[in-house]
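The values are calculated or read from the model by the stated rules, or taken from the named source; none is laboratory data. Values in this document were obtained by computation on a predicted structure and should not be read as measured data. Cβ coordinates were reconstructed from backbone atoms using ideal geometry, including for glycine residues, and neighbour counts include every protein chain displayed. These area figures cover heavy atoms from the full protein model, side chains too; ligands, DNA and RNA do not enter into them. Shrake-Rupley method; radii C 1.70, N 1.55, O 1.52, S 1.80 Å.
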Number of protein chains: 2
Amino acid sequence: MATQTFQVTGMSCEHCVDAVTAEVSQLAGVTAVDVDLAAGSVTVTSAQPLSADAMAAAIDEAGYQLTP
Amino acid sequence: MATQTFQVTGMSCEHCVDAVTAEVSQLAGVTAVDVDLAAGSVTVTSAQPLSADAMAAAIDEAGYQLTP
């Protein structure tokens, strides 16, 4: 199991939290997604570590951006 | 026909715009809703003028507040 925390730019409200949570939850092996709106961070628990590319794609799909 | 502009507190992103637009559009007689996110304003076109109470209830239902 892996737990990773990513910084995400542009999340401003609970709707944003919901959108990011929904997209990241769909990635293979993800079992938990925790978004800290104030910190702009997304912590993901998954069976295997996520690639940065997969995470970036999910965040982009939700309408936000990974902080490089 | 009436066109009224209200100030709304708490809208921060396009999801907020969508939520407010959906709720206000359901009010009787409303034919157009235009949300200006940067200005925090919602302009409503309706067959008859909306009461402040009806508008406040719709905005509250969407999760935001009319600026008094």
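What's the buried accessible area, both sides, between A and B using a 1.4 Å probe, rounded to 100 Å²? Working shown, then result.
Numbers: alone 3860 and 3870 Å², together 7340 Å².
Summing both chains' loss of accessible area gives about 400 Å².
Return the sequence-ordered ³J(HN,Hα) values of region B:40-49 in whole Hz as given by the Karplus equation 6.51 cos²θ - 1.76 cosθ + 1.60 applied to θ = phi - 60°, using x for Gly and Pro.
x, 10, 10, 9, 10, 9, 8, 4, 10, x
On average, how much accessible surface per residue is there in the protein assembly as shown, in Å², for a 1.4 Å probe, leaving out ligands, DNA and RNA? Before the final figure, lay out each step's value.
Working: 7340 Å² over 136 residues.
Computed with neighbouring chains in place, this is 54 Å² per residue.
Per residue of the protein assembly as shown, what 222 nm ellipticity follows from adding -39500 (n - 2.57) for every DSSP H run with n ≥ 4, rounded to the nearest 500?
Details: 4 runs with 46 residues, N = 136.
The per-residue figure over the protein assembly as shown is -10500 deg cm²/dmol.
For peptide B:10-19, compute the average count of partner chain beta-carbon atoms within 10 Å of each residue's beta-carbon. The partial results should precede the final answer.
Numbers: counts 1, 2, 6, 9, 4, 9, 5, 1, 1, 2.
Per residue, the number of nearby Cβ atoms from other chains is 4 on average.
Given +1 on the Cβ of Lys and Arg, -1 on the Cβ of Asp and Glu, and no further charges, what dipole in debye does chain B carry about its Cα centre, rounded to the nearest 20? Please report the intermediate quantities before stating the final value.
On the way: 0 positive and 8 negative charges, 31 e Å.
Once rounded to the nearest 20, the dipole reads 140 debye.
Express the C-alpha Rg of region A:2-48 as a ratio against the empirical globular expectation 2.2 N^0.38 Å, rounded to two decimals.
On the way: Rg = 10.1 Å, N = 47, 2.2 N^0.38 = 9.5 Å.
This ratio for region A:2-48 stands at 1.06.
For helix B:52-62, report the angle its Cα long axis makes with the longest principal axis of the Cα atoms of chain B; keep it between 0 and 90° and round to the nearest 10°.
Roughly 40 degrees, rounded to the nearest 10.
Output, in nm with one decimal and in ascending order, the distances from the A:GLU14 label point to the matching label points of the other copies (7 Å from Cα along Cα-to-Cβ).
From this label point to the equivalent ones elsewhere in the assembly: 2.2 nm.
Between copies, how close do the B:SER25 label points come, placed 7 Å along Cα→Cβ, listed in nm from shortest?
2.4
Could you tell me what percent of the accessible area of the protein assembly as shown is made up of carbon and sulfur, with a 1.4 Å probe and every protein chain present?
That share works out to 51 percent.
What is the helix-to-structure angle for A:14-25, meaning the angle in degrees between its Cα long axis and the longest Cα principal axis of chain A, kept from 0 to 90 and rounded to the nearest 10?
Once rounded, one gets 20 degrees.
Quick one: work out Rg over Rh on the C-alpha atoms of the protein assembly as shown, Rh as Kirkwood radius.
Details: Rg = 18.6 Å, Rh = 16.5 Å.
Ratio value, two decimals: 1.13.
For chain B and region A:1-39, compute the distance between their C-alpha centroids and round to whole Å.
29 Å
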